[in-house]
Amino acid sequence: MSKLGNIGARLHRGEIGYDFVKNRKIWYGLSILITITAIVGLTVRGLNMGIEFQGGAVFNTPKNTSASVSQAEEYAETASGHDAIVQKLGDGSMRIQVAGIDTDAANKIKNTLADDLKIDSEQINAELVGPSWGEQIANKAWQGLGIFLILVVIYLAIAFEWRMALAAFVALIHDITITVGIYALVGFEVTPGTVIGLLTILGYSLYDTVVVFDSLKEQTKDITKQTRWTYSDVANRSINSTLVRSINTTVVALLPVGGLLFIGGGVLGAGMLNDISLSLFVGLAAGAYSSIFIATPLVADLKEREPQMKALKKRVLAKRAQKGETQTGAAEELYAEEPADAAPAVVGPRNQPASRSRGRGRPSGKRR
């Protein structure tokens, strides 16, 4: 077994672990800081909306146009008085976008570009995009997002409980806000591809969250009938047992998206890939983060406000105090006495590795 696989197996069995829930205030504070930065960037800089949302014109030059991208961009900005986006296509032609212009201005720009590029104006294909079409796309996107969030909350409330539904909702809003804020800070163009990317990342984020929630639901059955673990202990155990799985799925998803963003968009200059690849890259990373550091600790916070869970925590802490045990030490000792399929909570890394005589379901010999 590989080293990573061995770590994953030990995390799943509870032999090692990190206390994500105990340090939740750190994660909450970090997320709040990132979210505020994203909101400030969105407020100050705003989004660089593409031509599909603002309206404007797209000019397609003939093949093997002699001018360079920078020259064509300079010609278009001089002729229009607006910022222009120029993309060199594989056949040697260029796609020139100028936002915020009407039909009359488009005709003038077309003629001026033909003179500057030293080609016949009839060889330039001009396409006008009305702002009403972009408004329809934006409205449909907002409607789709709203319906998606409502269905997610309803499903999670039925399949799990309302606290998990609320935590998942907060995590999704967290991911969307950060992704949109990054777009504002970076200045990448927002296109229909960006909207598709935003809707796609919600599914990835929800998947990671549901995996942890499913483990948590299974391990908290009849939790109030024992006095060994609090709800936070079991929540932390659920995160650790699925941690390697979440990391693996996220890394595998990020590799091709990173290739599109950094190699396709950055090295090769295929700027049209940036609109969707950036949203996917940031969203996937934020989704993995929120499922581990935000959603599950938030569920633990909400659950331990219940009278039953408060009473359970009080009994567990009292029993540990009576034995003079720390929370970490108690969890380690309790695990050593449990069979391998008991799935107890682990609140921190074990200081000593389990011996052969105390593993695999054998009793430790201690009496309670």
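Within the range 170-199, the set of residues being among the hydroxyl-bearing types (S, T, Y) and crowded, with 20+ Cβ neighbours inside 10 Å comprises T179, Y183, T191, T194.
Looking at the range 319-339, which of the residues that are open to solvent by 60 Å² or more (accessible area, probe 1.4 Å) and small (G, A, S) is modelled with the highest pLDDT?
So, considering only residues that are open to solvent by 60 Å² or more (accessible area, probe 1.4 Å) and small (G, A, S), the one modelled with the highest pLDDT is A321.
Inspect the range 136-146 for any residue being under 23 Å from T296 (Cβ atoms), out of contact with any Phe, Trp or Tyr (no Cβ under 8 Å at 6 or more places or on another chain), part of a helix (DSSP H, G or I) and at pLDDT below 85 and give the result as yes or no. No, the range 136-146 contains no residue that is under 23 Å from T296 (Cβ atoms), out of contact with any Phe, Trp or Tyr (no Cβ under 8 Å at 6 or more places or on another chain), part of a helix (DSSP H, G or I) and at pLDDT below 85.
How many residues, within the range 45-65, are small (G, A, S) and closer than 16 Å to E77 by Cβ?
2
Taking the options T296, T250, T242, name whichever one is closer than 23 Å to F160 by Cα, modelled with pLDDT under 90 and surrounded by 17 or more Cβ atoms within 10 Å (Cβ to Cβ). Don't jump to the end; show me each part of the working.
Numbers: T296 fails: modelled with pLDDT under 90; T250 fails: closer than 23 Å to F160 by Cα.
Going through T296, T250, T242 in turn, the sole match is T242.
The residue that is farthest from G144 (Cα to Cα), among those in the range 200-222 that are under 11 Å from the mean Cα position of the chain (by Cα) and open to solvent by 60 Å² or more (accessible area, probe 1.4 Å), is Y207.
Filtering S70, S66 for residues that are farther than 20 Å from G193 by Cα and either among the aromatic types (F, W, Y) or in contact (Cβ under 8 Å) with a residue 24 or more places away in the chain (or both) leaves a single hit, S66. All of (1) free of Cβ contacts under 8 Å to residues at least 24 places away in the same chain; (2) open to solvent by less than 40 Å² (accessible area, probe 1.4 Å); (3) over 19 Å from G287 (Cα atoms) hold for K140 with one exception: (2). From the list L113, L149, the lone residue that is within 30 Å of L33 (Cβ to Cβ), out of contact with any Cys (no Cβ under 6 Å at 6 or more places or on another chain), of a type in the set (A, V, I, L, M) and open to solvent by less than 30 Å² (accessible area, probe 1.4 Å) is L149.
Inspection of the range 55-68 finds a residue satisfying the criterion of being at pLDDT below 85 and over 21 Å from S121 (Cβ atoms).
Of the residues in the range 89-103, at least one is modelled with pLDDT under 85, open to solvent by 30 Å² or more (accessible area, probe 1.4 Å), in a helix (DSSP H, G or I) and of a type outside the set (D, E, K, R).
The values are calculated or read from the model by the stated rules, or taken from the named source; none is laboratory data. Everything quoted here is computed from the prediction, not taken from an experiment. Glycine gets a Cβ as well: all are built from the backbone with ideal geometry, and neighbour counts include every protein chain shown. Remember, those area values only see protein heavy atoms, side chains included, never the ligands or the DNA or RNA. Shrake-Rupley method; radii C 1.70, N 1.55, O 1.52, S 1.80 Å.
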